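Peer 1: Okay, here's the structure, questions in a sec.
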Amino acid sequence: MNFKITLTLIFIIISSQFLVAQKSYNASVYEGNKKFDAKEYDAASSKYLEAIAEKNSSYTAHYNLGNALYKSKKYEEATSEYEKATKYTKSNFEKAAALYNMGNVSIQSNNPEKAAELYKKALKQDPYNEAIRKNYEIAMLKDKEKKEKEKQKQGKGGDKDQKNKDDSDKGNQKKNQQDGKGNDQKGKDQGKPNQPKKEENKIPEEAEKMILKDIENQEKETARRILNKKSNSMPQSKEKDW
C-alpha cells in the first residue's frame, strides 16, 4: 500500500514538473513571438533561448530563434538554428519551411548557388509551394549572372595583364635599342681621339680639274645616248588586252 502511494506521489511530482516546464516553455515562446512582432529581435531571441532551455528538441523554438537571428542579420547563427529545426520534426512542410529560410540566408550572403540547392531540397519536401519555386528560379538566374560577371572580370583581367606585359616588353625593347645606340655612339666617340691620322696624297690642282672635266664630258655623252634611245622606242599602251 505504501509502495503504491509512493509511486503515485512520484508520478504527480513528475507530471507537475512537466506541466510547469511546458507552461514555462509555452510562455517563453509566446513572449518571444510578441517581441518578434514588435521588431525587438534581440529580446525575442532571448525568449526563444529560454524556451529551448526548457525543451531543447523543439522545432518551433529553434525555427523561431532562426527567424529572429535572420532579422538581426546574424546569418550564420540563423542557419545553425534552421538546421537544428529540421532535425526536430517529421513534418515535410516544417522541414521545407526551415530549408526555404536557409536558402534566404544564402541569398543574403551572396551565394545564389547554395540558395538554389536549398530551395531545391525544400521543393522536394513541399513540391507545390509556389513561393519556394519562385525563389528557386530567382536563385538560378542570380547564380548564372554572377558566374557570367566573374567570367567577364577574369577575361578583362587577363587582357589587361597581357596588354601590360606587351607594353612592358615594347618598353624594354625600345630601351634596349636606345641603350645599344648609345653604347655604339659612345664607342665611336671614345674611339675617335685614339684613331691615327691618315696621310693624305694630294693631287695637283691642274690634274684634278682635268679629271673632273673628263668625268663631266662622259656623263653628258651617257645622258645623250639615253635620251636618243627613249625617243626612238615605241610608247607603251595603257589599254587592257581583253
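The values are calculated or read from the model by the stated rules, or taken from the named source; none is laboratory data. In this text, all values refer to a predicted model and were calculated from it rather than measured experimentally. For neighbour counting, all protein chains shown are included, and Cβ atoms are generated from backbone atoms with ideal geometry for every residue, glycine included.
Peer 1: Can you pull out every residue in segment 56-96 that is among the polar types (S, T, N, Q) and farther than 18 Å from GLU31 by Cα?
Peer 2: Once the filter is applied, which keeps residues that are among the polar types (S, T, N, Q) and farther than 18 Å from GLU31 by Cα, segment 56-96 yields SER57, THR79, SER80, THR86, THR89, SER91, ASN92.
Peer 1: Could I ask something else about it? Between a residue in segment 129-155 that is in the same structural domain as ALA116 (by TED's automatic domain parsing) and under 21 Å from PHE93 (Cβ atoms) and any residue that is part of a helix (DSSP H, G or I) and of a type in the set (Asp, Glu), which pairs come within a Cβ distance under 9 Å, given they are 6 or more apart or on different chains?
Peer 2: Going by the 9 Å Cβ cut-off, the qualifying pairs are ALA139/GLU113; ALA139/GLU117.
Peer 1: Shifting gears a bit: Go through segment 57-88 and count every residue that is among the hydroxyl-bearing types (Ser, Thr, Tyr), in a helix (DSSP H, G or I) and either under 29 Å from the mean Cα position of the chain (by Cα) or buried (at least 23 other Cβ atoms within 10 Å of the Cβ) (or both).
Peer 2: The total comes to 5.
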